[in-house]
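To start, the structure under review is shown below, and the notes come after it.
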Amino acid sequence: MTLAEKGPIQTAPTLAPPILENLSLAVQSWPGVAAYVHWDLYRVGEKIDGVDFYVDGDEQELGHLHLDGDLHLPAPPALAKALLQARLATPLPFGAGWVGWRVRTPADAAHAEWLLQLNYDWLRGTPLAALLARISARSGR
């Protein structure tokens, strides 16, 4: 979904607790990444629910981080399947191609950043085989 389809475009909010803000700022520092308000699905334009990350414009969503620490990533089906099989992400009810992760601890935040980096590299053209090799190496399989 493009950024414009998600509601009014506003700059990213500051997140609390600091573990979420630090993750958000780390991702925003990557070349070509822009961050905006992620609106509550049922109160678009009224209630902020986190940060949306986009790569190279507003057409490619990298993922979004909710205020409660839930990370949602749109991923190509093969990447999502590999992450789920390796238990490096959790399934989301939005259908194939979406995976998630809960950020509660510094280790969770580091893993979330790894997931976002994986998706970032996919969107920037890294071959799927290379990404699948990273998943395999991280899972120890």
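Some observations on this one:
- In sequence order, the range 85-93 has phi-based couplings of 4, 7, 6, 9, 7, 10, x, 10, x Hz under the Karplus curve 6.51 cos²θ - 1.76 cosθ + 1.60, θ = phi - 60°, and Gly or Pro positions carry x.
- Here the spin labels are modelled as points 7 Å beyond Cα on the Cα-Cβ line, and at ARG87 and ALA129 they lie 3.0 nm apart.
- Top positive-direction residue, dipole computed over the chain with Cβ charges, set THR2, PRO91, GLY140: GLY140
- Evaluating 6.51 cos²θ - 1.76 cosθ + 1.60 at θ = phi - 60° for every residue in the range 125-139, the Karplus couplings come out as x, 5, x, 4, 4, 5, 5, 5, 5, 5, 5, 4, 5, 5, 7 Hz, glycine and proline recorded as x.
- A simple rule links phi to the HN-Hα coupling: the Karplus curve 6.51 cos²θ - 1.76 cosθ + 1.60 with θ = phi - 60°, which for the range 35-50 gives 10, 9, 4, 9, 7, 4, 3, 9, 9, 4, x, 10, 10, 6, 10, x Hz, with x for Gly and Pro.
- Reducing the range 8-82 and the range 100-135 to their Cα centroids gives an inter-centroid distance of 14 Å.
- Label of the coordinate-derived value, Rg and Dmax of the Cα atoms in Å, listed as (1) 16.9, 66; (2) 14.3, 45; (3) 15.3, 46: (2)
- Relative to the Cα centre, the charge distribution of the chain, modelled as +1 at Lys and Arg Cβ and -1 at Asp and Glu Cβ, gives a dipole magnitude of about 660 debye.
- Inter-probe distance in nm under a simple model that places probes 7 Å from Cα toward Cβ, at TRP30 and ARG43: 3.0
- Of all the options PRO77, PRO31, PRO91, the one that moves most in a Gaussian network model of the chain with Cα springs shorter than 10 angstrom is PRO31.
- Adding -39500 (n - 2.57) for every DSSP H run of four residues or longer, then dividing by how many residues the chain holds, sets the calculated 222 nm ellipticity at -11000 deg cm²/dmol.
- Amide H contacts under 5 Å for GLY63: PHE53, restricted to partners 5 or more places along the chain or on a different chain, H placed in the peptide plane at 1.01 Å from N.
Where a number appears in this text, it was derived from the coordinates with a stated rule and is not lab data. Computed from a predicted model, the values in this text were never measured in an experiment. Because the Cβ atoms are built from the backbone with ideal geometry, glycine has one as well, and the counts that use them run over all protein chains shown.
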